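Everything below concerns the one structure shown next.
Readers should treat all values here as calculations from the given coordinates under stated rules, not as data from a laboratory. Note that this is a predicted model, so its numbers are computed, not measured. When we count neighbours, we look across all protein chains shown, and the Cβ atoms used for this are built from the backbone with ideal geometry, even at glycine.
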Amino acid sequence: MRRPRPETRRSDSSARGDARGTATLPGADLAAAGAPELSAELARLRAAVAAERARLAALERQRAALLASTETLRREAAPAAAAARRAEGALAAAEPNALRIFVHYRAGSPLAEHAAAELAAALHEAGLEVAGFRPAAAVPAVRPVRYYHADDAPIAAGLAAQLGRGWVAQDFHGLPAAPPARTLEIWVPER
């Protein structure tokens, strides 16, 4: 019977390591020219990591500032939001049939007349009826919901809030020839 041959040891430097005793990978070539390039690449990567950490820290500070600003805005808006909810509640509590809503628009303007009709349709969908349309020679540049009696102020504010951004309740109470209570006027701005 034949005895197995003992394995021979490899004598190349890649298997046993370099002269300093550190093991090297077979086929690895760490020539003197390659080491400076690797050092430069390592320095570049470290600088990129440091820059990204700085950018992340700046973003975290910006996020914290935005969160603080949002919280401040939320606290400042709370009273206005509560007032709008009260006004909408007053509009909801008002009997729709007891309200008389008139829509005013600029006379001679087909666009304004169309906007008034669309507004009336939206009010109808919300359960409110328009008592009539009134063309006017001039209309304000703002979007007012006019009221003529102090008790109608919350109802006018609720209607303005329901109409959306840009609509405001406008106080006309105290006029000598005021219409009856629960009369509101919506003025469609210039078109």
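Between the amide H of Val145 and those of Val168, Ala169, Gln170, distances stay under 5 Å, these residues lying 5 or more places away or on another chain, with hydrogens modeled in the peptide plane. One chain, two ends: Leu67 and Leu42. Fully extended at 0.36 nm per residue, the span grows by 5.3 nm beyond their Cα-Cα distance.
Between the amide H of His104 and those of Arg134, Ile186, Trp187, Val188, distances stay under 5 Å, these residues lying 5 or more places away or on another chain, with hydrogens modeled in the peptide plane. Legend: calculated FRET efficiency, Arg75 to Ala121, from the Cβ-Cβ distance at R0 = 45 Å, rounded to 0.05, equals 0.75. Which residues does the label zone of Gln170 cover in segment 140-163, counting backbone N under 18 Å from a point 7 Å along Cα→Cβ? Answer for segment 140-163: 140-150, 152-163.
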